[in-house]
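Asks: One structure is given below, represented as structure tokens, and several questions about it will come after.
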Amino acid sequence: IGKEGVLCMELESVAVYLGSATGDDPVYEEMATKVGELIAKSGRTLVYGGSNVGCMAAVANGALAFGGDVMGVVPQKLADNNIQHPDLTKLFVVQGMHERKAQMIDLSDGFIALPGGPGTMEELFEVISWKQVGYHDKPIGILNVNNYYDGLLDFLDFQVDHGFMHQQYRDMLLVESNPEVLLEKMAAYEPTAEA
């Protein structure tokens with residue numbers, strides 16, 4: 001129970017969506033490592049796609065370096081290619097990408113999108129869509145590293161302007177360039193009364 005008796009959700013586990021590439025600037029991998037560290041230092045569990053390459057490896061290694069619990073969710077097709085991180089606290093191998101995304105949503109109390117490609121965008125938009133229709137009421141954060149998400153945020157405003165997204169759903173996205181501030185905002189999130 002939070003301030004004034006309002007029911008608050010505990011942010012015990014955080015799903016991080018991010019690229020399996022490293023991008024064109026070292027800041028992307030550095031920030032992924034930092035996010036993993038912050039999640040571990042706060043005593044939270046990191047949930048991510050289970051890979052041992054690129055920024056995905058960096059976020060896991062950041063958390064593991066500080067004794068954090070890290071859960072990875074990998075589809076069988078990728079597990080067959082042996083891309084999973086060998087040192088995870090728990091690894092879930094699921095049948096396909098749909099199951100992977102659903103499992104990550106179920107395991108997590110909140111979601112952060114770091115820079116990534118189409119897979120990251122798909123994961124981010126799925127949790128936005130699921131929240132809009134009431135399948136979850138968990139905080140959704142966008143870590144706007146190096147202004148990576150400026151164009152996407154402009155496009156979401158464009159959707160609002162043209163009547164394809166309600167302002168309330170645009171406003172529910174927590175957008176920060178500082179990961180500490182973003183995690184603080186997510187931890188302070190209060191579910192809506194209908195949830």
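The values are calculated or read from the model by the stated rules, or taken from the named source; none is laboratory data. Treat the numbers as computed from the prediction; the structure is a model and nothing was measured. Counting neighbours? That spans all protein chains shown, and the Cβs are built from the backbone with ideal geometry, glycine included. Heads up: the accessible areas ignore ligands, DNA and RNA and are worked out on the full protein's heavy atoms, side chains in. Shrake-Rupley method; radii C 1.70, N 1.55, O 1.52, S 1.80 Å.
Asks: For region 22-56, enumerate the residues that are in contact with a Ser or Thr (Cβ under 8 Å, 6 or more places away or on another chain), open to solvent by 10 Å² or more (accessible area, probe 1.4 Å) and not polar (S, T, N, Q).
Replies: Once the filter is applied, which keeps residues that are in contact with a Ser or Thr (Cβ under 8 Å, 6 or more places away or on another chain), open to solvent by 10 Å² or more (accessible area, probe 1.4 Å) and not polar (S, T, N, Q), region 22-56 yields Y28, E29, R44, V53, G54, M56.
Asks: Name, by its number, the condition in (1) aliphatic (A, V, I, L, M); (2) within 25 Å of E10 (Cβ to Cβ); (3) in a strand (DSSP E or B) that does not hold for V93.
Replies: (2)
Asks: Are any residues in region 91-129 touching a residue at least 60 places away in the same chain (Cβ under 8 Å) and of a type in the set (F, W, Y), and if so, which ones?
Replies: F111
Asks: Can you tell me which of (1) more than 30 Å from P26 (Cβ to Cβ); (2) in a loop (DSSP other than H, G, I, E, B) is the one N82 doesn't meet?
Replies: (1) is the only condition that N82 fails.
Asks: Considering only region 11-32, how many residues are within 14 Å of the chain's Cα centre (by Cα) and either part of a helix (DSSP H, G or I) or of a type outside the set (G, A, S) (or both)?
Replies: 8
Asks: With modelled with pLDDT under 95 and closer than 18 Å to V127 by Cβ as the only criterion, which of M71, M9 stands out?
Replies: The unique qualifying residue is M9.
Asks: Let me ask another. Just to verify a result, which residue in region 57-95, among those that are acidic (D, E) and surrounded by fewer than 17 Cβ atoms within 10 Å (Cβ to Cβ), is nearest to V181 (Cα to Cα)?
Replies: By that ranking, first place goes to D87.
So that you can scan it fast, the table gives a plain yes or no per residue for (1) part of a helix (DSSP H, G or I); (2) touching a Cys at 6+ places or on another chain (Cβ under 6 Å); (3) open to solvent by 10 Å² or more (accessible area, probe 1.4 Å); (4) of a type in the set (D, E):
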position	(1), (2), (3), (4)
R100	yes, no, yes, no
I105	yes, no, no, no
G119	yes, no, yes, no
E123	yes, no, yes, yes
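Asks: Quick one: count up the residues across region 132-189 that are surrounded by 15 or more Cβ atoms within 10 Å (Cβ to Cβ) and assigned to a loop (DSSP other than H, G, I, E, B).
Replies: Looking only at that region, the number is 11.
Asks: Another question, if that's okay. Out of region 7-21, which residues are open to solvent by 30 Å² or more (accessible area, probe 1.4 Å), hydrophobic (A, V, I, L, M, F, W, C) and more than 15 Å from G117 (Cα to Cα)?
Replies: Matches in region 7-21: L7, C8, M9.
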